[in-house]
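The structure appears below as structure tokens.
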Amino acid sequence: MKQNKAWLAGLLALALALAGLPVAVAAPAPEQPFKDVAATHWASDAIRLAVERGYVSGFPNGTFKPDEKVSRAQFFRMLADGLKLPHTLQGEPWYQPYVAALIETGIRKEQDFKDKYDDDLSRLEMVKLAVRAVTPGIDNDPNAADDNWLVYRGTELGILAGIGAGKLALDGTSTRAQAVAVIERILAVNAGKKLAVDKYAMANAELAWHSTNIFTVMPQFFNDPVNETNPYAEVGIRSWDVGKLRLQNKNFSGELTELIAIDLADKNDPNRYLLPAMDKMKWGYNEYLPVPDDAYVLFVKYKINYNHAPETYLDVLGLEIRGFDYPENYRTKLLTPTNVGVIDDKNYDADGKRLFAFPRSGYKFTNDERIVINLQVEGLAGGSHDSYIYSEIVRSWVRGV
């Protein structure tokens, strides 16, 4: 059957050629020069391009050894040659010219690690070098010395992807395949290309950077673009400051340690394990109602450092979310952010945890079209106004959402 199809295709091509019509010829797939790199290998294209560009080569036996670990010195050479940085042709030791070239451009920092160039390169070290390589003037950024920000920026640019469900594995070592893949992404970003982003890796990096992932998971609510019509100077991710996450006076001290957004509509959301089963999560005013399976759930994790006035303060932190309009049916349909209770689930320990359901549809904003989230300590009735403690942790512009 296949031979018949091939014969018919050839006959059709001949007929078209005789008729003077153009014949579409399928381009052959690029050949992979290494016997240990299949065409289906995840880094096949990157390896082929890297070899063509001349900053890496294979071994005399015709292999590339894609899974072999790469040392710091080896990566420095690949990166310097990939970026075509000027350097002397020889040095002692052999990697010295490449190290000097990267230091001169600000890509390699003296404080990155001690001079153990033969050690395996970690994924953290690789992404730090990569972000500096695509960010001219990075030292002028106030976050430039923050490893967590560098990782977040690397995921945001699409340079760093996760290892299964967005796991960053920053302590893990880098392989030759990973090294050339990252360098190819660096070259693509420098050429003005926009790379695909691993949203799970980016969310994990954001969580490590500043204890939340809401700006990645719920950008339609919390990550405002900078524009001339925006009346708020510090909004979205720019309004977030970890210094605002502690509530404290002489009688009480507590702090938010994590604010994690979980997308119930995403069956692969890597943080779904933090929640009880769907039928155990309920909200409501006069009756228990199920949480919609397309909602977001905000997982609040906190700790109480001290409470010297238990007659005034409960050992509970919560969120006050403003900005949503309250229609008549908000008590029977999830149209505003709402506390979630956990019903009959002995496996869910609620100490130091709170849940809030966040509607995905049907909501309306108030006239000023902004969301404000306050962190507050829950107090007992009758407490004085002076005892009230809160902190505005997010301000977000939501016009047009």
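The values are calculated or read from the model by the stated rules, or taken from the named source; none is laboratory data. Keep in mind that this is a model prediction, so the values were computed, not measured. Because the Cβ atoms are built from the backbone with ideal geometry, glycine has one as well, and the counts that use them run over all protein chains shown.
Of note:
- Residue among Arg272, Arg238 that is surrounded by fewer than 18 Cβ atoms within 10 Å (Cβ to Cβ), at pLDDT below 90 and either charged (D, E, K, R) or farther than 22 Å from Tyr388 by Cβ (or both): Arg238
- Contact annotation: residue pairs with Cβ atoms under 6 Å, 6 or more positions apart or on different chains, pairing a residue in the stretch 242-259 that is modelled with pLDDT of 95 or more with a partner that is acidic (Asp, Glu), are Leu245/Glu255; Arg246/Glu255.
- Scanning the stretch 132-154 for residues that are over 19 Å from Thr173 (Cβ atoms) and either in a helix (DSSP H, G or I) or touching a residue at least 24 places away in the same chain (Cβ under 8 Å) (or both) yields Arg132, Ala133, Val134, Ile138, Asp139, Asn140, Asp146, Asn148, Trp149, Tyr152, Arg153.
- Residue in the stretch 72-87 that is closer than 27 Å to Asp171 by Cβ, in a loop (DSSP other than H, G, I, E, B) and free of Cβ contacts under 8 Å to residues at least 40 places away in the same chain present: no
Yes/no per residue for (1) under 13 Å from the mean Cα position of the chain (by Cα); (2) at pLDDT below 95; (3) assigned by TED's automatic domain parsing to the domain that holds Leu79:
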| site | (1), (2), (3) |
| --- | --- |
| Tyr117 | no, yes, yes |
| Lys128 | no, no, yes |
| Arg132 | no, no, yes |
| Arg153 | yes, no, yes |
| Glu156 | yes, no, yes |
| Ala161 | yes, yes, yes |
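- When Lys303, Lys282 are checked against the criterion of being more than 25 Å from Tyr390 (Cα to Cα), assigned by TED's automatic domain parsing to the domain that holds Tyr388 and not β-branched (Val, Ile, Thr), a single residue qualifies: Lys282.
- Criterion: assigned by TED's automatic domain parsing to the domain that holds Leu187, in a helix (DSSP H, G or I), at pLDDT below 95 and loosely packed, with under 14 Cβ neighbours inside 10 Å - qualifying residue of Glu110, Glu104, Glu92: Glu104
- Cβ separations smaller than 8 Å between residues 6+ apart or across chains give the following pairs from the stretch 288-299 residues that are in a loop (DSSP other than H, G, I, E, B) to residues that are among the hydroxyl-bearing types (Ser, Thr, Tyr): Asp294/Ser361.
- Residue that is over 30 Å from the mean Cα position of the chain (by Cα), exposed (fewer than 15 other Cβ atoms within 10 Å of the Cβ), in a loop (DSSP other than H, G, I, E, B) and touching a residue at least 24 places away in the same chain (Cβ under 8 Å), where the choices are Lys346, Lys333: Lys333
- Residue in the stretch 301-323 that is over 27 Å from Ser253 (Cβ atoms) and in a strand (DSSP E or B) present: no
- Single residue of the stretch 224-235 satisfying the filter (in contact with a strand residue (DSSP E or B) (Cβ under 8 Å, 6 or more places away or on another chain) and under 22 Å from Glu206 (Cα atoms)) that is modelled with the highest pLDDT: Val235
Matching residues to (1) of a type in the set (Lys, Arg); (2) touching a strand residue (DSSP E or B) at 6+ places or on another chain (Cβ under 7 Å); (3) closer than 22 Å to Leu335 by Cα:
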{"residue": "Ser253", "(1), (2), (3)": "no, yes, no"}
{"residue": "Leu256", "(1), (2), (3)": "no, yes, no"}
{"residue": "Ile262", "(1), (2), (3)": "no, yes, yes"}
{"residue": "Pro270", "(1), (2), (3)": "no, no, no"}
{"residue": "Tyr273", "(1), (2), (3)": "no, no, no"}
{"residue": "Lys280", "(1), (2), (3)": "yes, yes, yes"}
{"residue": "Glu287", "(1), (2), (3)": "no, no, yes"}
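- From the list Ala179, Ala191, Ala205, Ala201, the one residue that fits, being buried (at least 24 other Cβ atoms within 10 Å of the Cβ), more than 18 Å from Trp42 (Cα to Cα), at pLDDT 95 or above and in the same structural domain as Ala101 (by TED's automatic domain parsing), is Ala205.
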